[in-house]
1. Only counting other Cβ atoms within 10 Å, I'd like L31, L186 sorted with the fewest neighbours first.
2. I'd like to know which of F332, T205, V16 lies farthest towards the positive end of the charge dipole of the chain, counting +1 on Cβ of Lys and Arg and -1 on Cβ of Asp and Glu.
3. With no solvent and one point on each alpha carbon, what is the Debye value of log10 I(q)/I(0) for region 238-329 at q = 0.11, 0.15 Å⁻¹?
4. With 10 angstrom as the radius, rank C106, C94 by how many other C-beta atoms surround their C-beta, starting from the fewest.
5. Kindly provide the chymotrypsin sites (Phe, Trp or Tyr not before Pro) of region 38-109 that DSSP labels as loop, not H, G, I, E or B, and whose Cβ sees at most 15 other Cβ atoms within 10 Å.
6. Using the Karplus curve 6.51 cos²θ - 1.76 cosθ + 1.60 with θ = phi - 60°, work out ³J(HN,Hα) for each residue of region 300-317 in order, rounded to whole Hz, and write x for Gly and Pro.
7. Could you give the length gained on full extension between D131 and L323, defined as 0.36 nm per residue of separation minus the Cα-Cα distance, in nm?
8. Please find, in a Gaussian network model of the chain (springs between Cα atoms separated by less than 10 Å), the residue of S27, S317, S213 whose mean-square fluctuation is greatest.
Amino acid sequence: MNFFTPVSGLTHRDPVDFIRRIFVEKSCVDLPYTREILSRAGAIPVEVLDDRQTPESGLNPYPESLAQGKRDLFLCRNRGKFFKSCPGTREYRCCGYYVLNIGMNCPMDCVYCILQAYLNNPWLSFFVNVDDLLSELTQAVVVQNKGFLRIGTGEFTDSMALDRLTRLSGILVEFMRDKDSAILELKTKATVVDHLKDLDHGGRTILAWSLNSQEVMAREEFRTAPFEARLAAAADCASWGYRLAFHFDPIIYHPGWKEGYAETVERLFDSVPKESIVWISMGALRFLPALKSIAGKRFPNSRFFHEEFVPGLDGKSRYFRSLRVEMYKHLFDLISRRASSDTCVYFCMESDEIWREVFGFCPEERGGLPAMLDRTVE
């Protein structure tokens, strides 16, 4: 059994350690980047597949095959677009994010993960035609001059869960270092950050971690880095000059939730300099209706799906408004006591009514949510 020791010195399992097989699309085998990844794979078996052939991840249909499929890494070519606007909904306030799609699925396994109901295949896809990715990113950031862009890689996968093999984050950090019209956010529940230490990042990359109450992190987030390791990695990155962000999403109602989130917030600000934090987001649990059945079968000991939910305007199930407001107000009060006045605290996908009830204003009164976030990093 292998363990990972980050710069912080805390030891825990790295998500890459759970990968049991690597499949490679035939046309990608001789790409220099593919060979670089495979050189770090050690004893993990590698199998070459014909183009457009896909890995076999057991005989069970999806999603029953997810448990095994999450341990199969497929190095392949992205034949679609890498760079897209965030697929938010018109019914709730979106932050105007842009998504850089580096792959699909995640080796970590969170009970609430929406990808279980969103994807239709079980394996981990990672796109190795990185030259195409950088070309498309150059076109979007440099050539098209779309204004200031906030870009993230964590929409369909964790930004850094595979970095021990891929080192993609380092490539992106160095690409972004002189791009004054854009900022890159790498959002993760992993702590593979040592390769970022000596890079010239130019202040154009934000390292971000998803946080929750410690009970949720321990009981509902499998194969993720423990809370202490996430904070230690964040502190390391702050000491290297990176700006930070944190995401309390999804906020989950559970016995002792008030005390649990209070402890998380206190330990966060005890561990990380508040001046390094550019933004903190909050979002209450919401999910596609199909997720309840899928996650219920995969994680029968989990209980938070048994709470009462109502259909949201976007078709996702949500807590009743009164409970969402209660949780948001509690967390916002905790954060406000410790955060810098320059840190932007905001909602991910909530209504103007919730904004006004919790924060006392709507984003449009301050130029809109994208502008609020842009001002913290431009």
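Each value in this text was obtained by applying a stated rule to the coordinates, not by laboratory testing. Computed from a predicted structure; not experimentally measured. Using ideal geometry, Cβ is built from the backbone for each residue, glycine included, and neighbour counts are taken over all protein chains shown.
1. On the way: L31 18, L186 26.
Ascending Cβ contact count within 10 Å gives the list L31, L186.
2. The listed residue farthest towards the positive side: V16.
3. -0.42, -0.72
4. Numbers: C106 25, C94 16.
Fewest to most other Cβ atoms nearby, the residues stand as C94, C106.
5. The qualifying sites: there are none.
6. Residue by residue, region 300-317 yields x, 8, 7, 10, 6, 6, 7, 6, 7, 9, 10, x, x, 5, 9, x, 8, 7 Hz.
7. Numbers: separation 192, 0.36 × 192 = 69.12 nm, distance 4.67 nm.
Computed gain between D131 and L323 is 64.5 nm.
8. It is S27.
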